[in-house]
Amino acid sequence: MEMLKNTKPILMASMVQKLQLFGLKVIIRMSISIQNKAFFHLEDNRWLIGNDSARGPWSEHACHAGPVTGVIARSLELLISDKQLFRLNVELLKPVPMDGFRITTEIRKQGRMVSTAFATLYDRNDTIIAYASSLHAQLVDVGDLPTATIACPVLEHSTPGEFGVKEAKHGLPFFSSGIEMRYPEGENSEPGPTTAWMKALPLLENEIPSPFQRLCPLADCGNGLSRNLEVTEAHFVNPDLTIIMHRPPESEWLASEARSFWEPNGLGMAEATLFDTKGPIGSALQTLLVSPVK
């Protein structure tokens with residue numbers, strides 16, 4: 001199943017590449033740019049093409065997994081529209097290309113209370129580059145129930161700041177050009193456990209993302225927000241991402257309280273509690289492949 005709306009590309013990478021040809025170092029440090037209206041645009045109502053803001057920090061040719069996870073969620077929500085997308089797991093087998101990928105979906109189980117589905121991503125050579133599995137649950141009003149309470153960040157007590165990963169390895173515009181950041185008092189963009197607020201572009205121009213889709217760009221930032229070293233010192237790539245959303249977010253600004261655990265064996269984990277302005281809404285978990293930059 002492939003249901004996608006049409007939109008227009010707005011790119012600026014070529015301009016930066018020309019500057020690089022003249023030996024100029026280009027450092028991209030910006031909030032949401034007027035050059036960006038969405039993370040992706042469409043080709044032939046089938047191929048998702050990355051705009052500058054969809055690019056990841058590691059390779060100029062590869063997408064950031066957050067917006068990619070968002071369009072996966074979109075496809076799965078179109079497939080199963082009568083239930084709430086509750087859990088999404090994405091396995092990134094290969095870098096997701098900026099120049100285009102497509103998504104197919106299928107229902108694995110259709111139940112009264114719970115349904116499951118599967119998505120596959122293909123590049124232009126029809127090579128499988130990612131898998132995703134989802135769990136969708138029927139919402140039921142069970143009345144007020146006791147629940148755990150935790151301290152929540154307060155948006156009104158935060159100040160604007162930069163995204164933690166300030167410079168991409170390739171020097172081109174990347175994910176940071178599609179987001180705005182704010183930090184609670186005592187927090188900043190430096191390495192280590194971090195709490196931060198984020199507001200992101202829509203996935204596609206002229207389309208309002210669902211609550212789960214809006215959560216995806218932030219959910220994949222746990223390893224970047226809570227990195228223990230800068231990208232110039234270490235690689236901390238996540239080959240997967242799992243998101244659980246127990247309450248749909250109600251605010252445009254969303255927060256992540258993230259921490260990363262790195263081990264001498266090259267393995268790691270980033271975990272994050274996710275919030276809207278009313279309180280906790282879910283969690284995100286990333287396994288990490290960690291190595292020093294040589």
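A short reminder: the numbers here are calculations on the coordinates, not readings from a lab. Computed from a prediction, not measured in an experiment: that's the story for all the values here. Please note: Cβ atoms are built from the backbone with ideal geometry, for glycine as well, and neighbour counts cover all protein chains shown.
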Low-density loop trypsin sites (Lys or Arg not before Pro), the range 94-160, at most 11 other Cβ within 10 Å, DSSP non-H/G/I/E/B, are Arg112, Arg124
Zone reached by a paramagnetic label modelled 7 Å from Ser189 Cα along Cα→Cβ, restricted to the range 152-169 with backbone N below 11 Å, covers 160-168
The size of the Cβ-based charge dipole (Lys, Arg +1; Asp, Glu -1) of the chain about the Cα centre, to the nearest 20 debye, is 480 debye
Plugging the Cβ-Cβ distance of Val140 and Arg46 into 1/(1 + (r/R0)^6) at R0 = 51 Å yields, to the nearest 0.05, a FRET efficiency of 0.90
Going fewest to most other Cβ atoms within 10 Å around each Cβ, Val68, Val114 line up as Val114, Val68
Within the set Ser59, Ser251, Ser133, GNM on the chain using Cα springs under 10 Å gives the largest fluctuation to Ser251
Ranked on Cβ counts within 10 Å of their own Cβ, fewest leading, Met181, Met98 go Met181, Met98
On the formula 1/(1 + (r/R0)^6), with r taken between the Cβ atoms of Ser81 and His235 and R0 of 35 Å, the FRET efficiency rounded to 0.05 is 0.35
Per the rule of 0.36 nm per residue minus the C-alpha distance, extending Ile150 to Arg112 adds in nm 10.4 nm
Taking placed amide H atoms and a strict 5 Å upper bound, the residues 5 or more places from Ala168 or on another chain that come that close are Ile28
Expected vector for the range 213-224, Karplus 3J(HN,Hα) from phi with 6.51, -1.76, 1.60 and θ = phi - 60°, integer Hz, x for Gly and Pro, equals 4, 5, 6, 4, x, 5, 4, 8, 9, x, 5, x
Highest GNM mean-square fluctuation among Arg259, Arg182, Arg46, for the chain with Cα springs under 10 Å, belongs to Arg46
Descending packing, highest mean Cβ count within 10 Å first, for 223-235, 261-273 is 223-235, 261-273
Exposure-ranked with fewest Cβ neighbours within 10 Å first, Thr195, Thr159, Thr287 stand as Thr159, Thr287, Thr195
With R₀ set to 30 angstrom, the calculated FRET efficiency between the beta-carbons of His157 and Arg247, to the nearest 0.05, is 0.85
With 0.36 nm assigned to each residue of separation and the Cα-Cα distance removed, Arg124 to Thr287 gains 56.0 nm
